[in-house]
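Participant: Got a structure here, written out as structure tokens. Questions coming.
What follows is calculated from the coordinates using simple rules that are stated; it is not laboratory data. Keep in mind the model is a prediction, meaning the values are calculated, not measured. No Cβ is skipped: glycine too gets one built from the backbone with ideal geometry, and neighbour counts run over all protein chains shown.
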Amino acid sequence: MKLVSFSYNRIHSIGILDKSMMNIIDIHSLTNGKVPNNMSDFLNNFYNNIIIINEHLGNISSNSYLKLSDVVIGAPLPNPTSFRDAYAFRQHVEAGRKNRGLDMIPEYDDFPVFYFSNHQSICGPGNIYIENRHLKKLDFEFEIAAVICKKGKNIKFSDANDYIGGFVILNDWSEREIQLKEMKLNLGPAKGKDFATSIGPYLVTLDELEDKKIEKADGSRYDLRMKGYINDKLVSEDNFKNMTWSFAKIIERASYGVDLFPGDIIGSGTCATGCLLELNLSHGQNNWLKEGDQIKLEVDGLGVLSNTISLRK
């Protein structure tokens, strides 16, 4: 399923994008209220809600259909319970360390690392409103996030897929001048990243991606092409299967000694070529995003997350 959060005539609900990709089925209406009308509550009883939806899909009334063009799509999960962001693509890690004058370290291969970011600054598709200072060296970061759908602690990597409700495209916006300065103190990033993170356009459940799954000894990967555009110019290309650390291993690490909760999101970290920091280093440039730029992140099966930079007035 491709699950969306949307608003229509001042009503907020969640739905399924149909096969035509032109209509949304309001699943709260479809199930006569048996399924919640928001993603947070939906995830708290994820597997049972999926069963209820499937029981009703054979009897869809016209009242449950809405044209995609008539609704406003928001972040699939507007209020995650937490936001962890990992560092799972080696090329990006190497580029980030090089930018700080550091060599790659062997400890990268010991365990998957992550940091906590601001789960209250989640945005969906559309305009991203930022402060003037964020425009000094504003960057996008092309990622994919796993959305947790089941409470668990000390989760084994072999069981991790049972805790993933689905994947979303994630853009971890960064202000590089602020970030570079604060990370010299070995505590961060924080203010360089806490102002906005975009996810969307929909949450794709794992069954939709089964034919793209690659089983490996340390957990599943998915053969999904990733392409990033700035003002319709292709600037970034990679593949989701190229994660050095699998989401299974990241979840195992993140859940050690603590509970993960439905509604937690975990980012993959930036893919290869998935940010201007990396592209600038490789091409000897000093290009950054500016007001009015449109950034589109496209992933096979996960759709296109499109945002436009807007200065908060």
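Participant: Restricting things to alpha carbons, tell me how big segment 151-260 is in terms of Rg and Dmax, in Å.
Facilitator: When restricted to the Cα atoms of segment 151-260, Rg and Dmax are 16.5, 44 Å.
Participant: With springs only between Cα atoms under 10 Å apart, run a GNM on the chain and tell me which of Gln179, Gln285, Gln294 wobbles the most.
Facilitator: Checking each option, the largest mean-square fluctuation is seen for Gln285.
Participant: Further question: Packing-wise, with mean Cβ within 10 Å as the measure, how do 263-274, 113-124 rank, highest first? Provide the component values of the computation, followed by the final result.
Facilitator: Details: 263-274: 25.7, 113-124: 17.0.
Ranked from most to least packed, the peptides come out as 263-274, 113-124.
Participant: How big is the chain by Rg and Dmax over its Cα atoms, in Å?
Facilitator: In Å, with Rg to one decimal and Dmax whole: 19.1, 61.
Participant: Would you please give the residues with an amide H less than 5 Å from that of Ser246, counting only those at least 5 places away or on a separate chain, with H modeled from the backbone geometry?
Facilitator: none
Participant: While we're looking at this one, here's another question. In deg cm²/dmol, rounded to 500, what helix-only [θ] at 222 nm does the chain give when every DSSP H run of at least 4 residues adds -39500 (n - 2.57) and the total is split over its residues? Before the final figure, lay out each step's value.
Facilitator: On the way: 7 runs with 55 residues, N = 313.
The helix contribution divided over the chain gives -4500 deg cm²/dmol.
Participant: Name all residues of segment 114-139 having a backbone nitrogen under 14 Å from the label point set 7 Å from the Cα of Glu291 along its Cα→Cβ direction, giving them as ranges.
Facilitator: Hits in segment 114-139 for Glu291 at 14 Å: 128-136.
Participant: Any idea what log10 I(q)/I(0) is at q = 0.17, 0.24, 0.26 Å⁻¹ for segment 2-73, Debye with uniform C-alpha scatterers and no solvent?
Facilitator: At q = 0.17, 0.24, 0.26 Å⁻¹ the computed log10 ratios are -0.55, -1.12, -1.30.
Participant: Mind putting a number on the dipole of the chain about its Cα centre? Charges go on the C-beta only, +1 for Lys and Arg and -1 for Asp and Glu, and I need it in Debye to the nearest 20.
Facilitator: 680 debye
Participant: Residue-wise, which Karplus ³J(HN,Hα) couplings in Hz belong to segment 164-171, taking 6.51 cos²θ - 1.76 cosθ + 1.60, θ = phi - 60°, and x for glycine or proline?
Facilitator: Ordered by residue, 3J(HN,Hα) equals 9, x, x, 10, 9, 6, 10, 10 Hz.
Participant: Can you pull a Stokes-Einstein diffusion coefficient for segment 244-313 at 10 °C (1.306 mPa s), Rh from Kirkwood over Cα pairs, as a whole number of µm²/s?
Facilitator: On the way: Rh = 15.5 Å.
It comes out at roughly 102 µm²/s.
Participant: For segment 289-302, what does the Karplus curve 6.51 cos²θ - 1.76 cosθ + 1.60, with θ = phi - 60°, yield as ³J(HN,Hα) per residue in whole Hz, taken in order and with x for Gly and Pro?
Facilitator: 6, 9, 4, x, 5, 10, 10, 10, 10, 10, 9, 3, x, 9
Participant: Give the relative contact order (percent, whole number) for the chain; include only Cα pairs under 8 Å separated by 6+ residues.
Facilitator: Here the relative contact order equals 24 percent.
Participant: Can you give the FRET efficiency for Lys233 and Lys98, using 1/(1 + (r/R0)^6), R0 = 35 Å, r = Cβ-Cβ distance, to the nearest 0.05?
Facilitator: Numbers: r = 24 Å, r/R0 = 0.70.
It comes to 0.90.
Participant: How large is ³J(HN,Hα) for each residue in segment 146-159, as worked out from phi by the Karplus curve 6.51 cos²θ - 1.76 cosθ + 1.60 (θ = phi - 60°), to whole Hz, x for Gly and Pro?
Facilitator: Listing the rounded values in order: 9, 9, 7, 10, 7, 5, x, 10, 6, 6, 6, 4, 5, 9 Hz.
Participant: Anything over 26 Å Cα to Cα? Flag those among Lys156/Lys227; Lys156/Lys241; Lys98/Lys193; Lys67/Lys213; Lys181/Lys241; Lys150/Lys249, in the order listed. Can you show the working numbers first?
Facilitator: Working: Lys156/Lys227 32 Å; Lys156/Lys241 20 Å; Lys98/Lys193 19 Å; Lys67/Lys213 31 Å; Lys181/Lys241 32 Å; Lys150/Lys249 16 Å.
The pairs that break the limit, which is 26 Å between Cα atoms, are Lys156/Lys227; Lys67/Lys213; Lys181/Lys241.
Participant: Sorted by packing (mean other beta-carbon atoms within 10 Å per residue), highest first, where do 98-109, 47-58 land? All intermediate terms of the calculation are to be shown ahead of the outcome.
Facilitator: Working: 98-109: 11.1, 47-58: 13.8.
My ranking of the peptides, most packed first, is 47-58, 98-109.
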